[in-house]
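The numbers here are math on the coordinates, done by the rules we state, and not lab data. Because the structure is a prediction, the values reported are computed rather than measured. Cβ sites come from the backbone with ideal geometry, for glycine too, and all protein chains shown count toward neighbours.
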DNA sequence: CTAACGTATCAGTGGATAATGATATGACAG
DNA sequence: CTGTCATATCATTATCCACTGATACGTTAG
C-alpha cells in the first residue's frame with residue numbers, strides 16, 4: 001500500500017491494522033514513559049533506563065517496538081545508541097490525547113475494562 | 001523519580017495509565033472498525049454488527065470498553081441503544097494518526113513486534 | 001400475557017505480550 | 001589481546017485480552 005492510497009482508503013483492513021499498531025505502540029505505560037523521556041532530548045538506552053526505572057532488556061525491547069512502529073529513530077554513537085522521537089507529530093499526538101483526557105478523564109478513570 | 005522532576009505533571013503514573021488506556025481503546029482493529037462506523041452517524045448495535053461483520057456479543061463488549069474509556073457515548077431509544085463518538089476530537093485523533101502513518105507507513109508496516 | 005427482538009453479560013478458550021534473568025554481540029580503553 | 005561497558009536477544013512465566021456460544025434482561029408488538 002502506498003502513501004497516497006492511505007489517504008483515500010482509511011477504512012481498509014490493512015489501514016485499520018496499521019492504525020491499530022500505531023496506537024498499540026502508544027498503549028503501554030512503560031512505552032509512554034520512554035517516549036516522555038525522549039520528548040525533550042535524544043537519549044541512549046542507559047539514560048532511559050535511569051530516567052524510567054525500567055529494566056534494561058525491557059527498555060531495549062520496548063525501543064525495538066517503538067522503532068519498528070516508526071515512533072522513534074536511532075543512531076549509533078560509538079558504544080552508545082541514541083534514540084529520539086521519529087517525528088514531531090508523535091509528541092503532538094500524545095498532547096492531543098492529553099487534551100482529550102482533560103475533558104473525559106472521569107470516564108476514562110472509571111474504565112474497568114483493563115485492570116491496570 | 002520524584003513528582004517535581006516531571007515536567008507539566010504529564011508523566012505522573014496516573015496520567016501515564018490514563019493515556020495508556022485511551023490509546024489502548026484505539027489499539028484494536030475491531031474497535032477502530034466500530035469507531036469508523038460511528039464517524040458519520042449515530043448507530044445502534046445491530047447496525048454496527050451489520051457494518052463491521054463482527055459478532056453481536058463481541059460488538060457489545062467493545063462498545064462497553066469504548067464507552068468506559070470515554071471514546072463513545074450512548075443513549076437508549078426504546079429497545080435500541082444508539083452510540084456515537086463522544087467527542088469530535090476522537091475522530092481528529094484518528095485522522096492525525098493516519099497523517100503520521102502516511103509519513104512513516106513503511107516503518108510501521110515492517111513492524112514485527114505484533115504478529116497481526 | 002406472550003412471543004419476538006435488541007442488547008448485555010457470562011464462562012471458556014486460545015493466542016498475544018510484558019517483564020525478568022541469563023546470555024550473546026559489539027565497541028572501546030588500557 | 002583482554003576486560004569492561006552498552007545494547008540486543010533468548011527463553012520462561014504469568015497475565016491479559018479478543019472471540020465465541022449460551023443465556024439473561026428489558027422492551028415492544030400483537
State, to one decimal in nm and shortest first, how far the label point of residue A:78 sits from each corresponding label point in the other identical copies (label point: 7 angstrom along Cα-to-Cβ). 7.4
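Does the stretch A:45-84 come out rounded, prolate or oblate by the C-alpha gyration tensor, with a ≥ b ≥ c the root eigenvalues, rounded set by a/c under 1.5 and, if not, prolate when a/b is larger than b/c and oblate if not?
Judged from the Cα gyration tensor, the stretch A:45-84 comes out oblate (a/c at least 1.5, b/c at or above a/b).
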Kirkwood Rh (inverse of mean 1/r, distinct Cα pairs), the stretch A:13-100, angstrom: 13.3
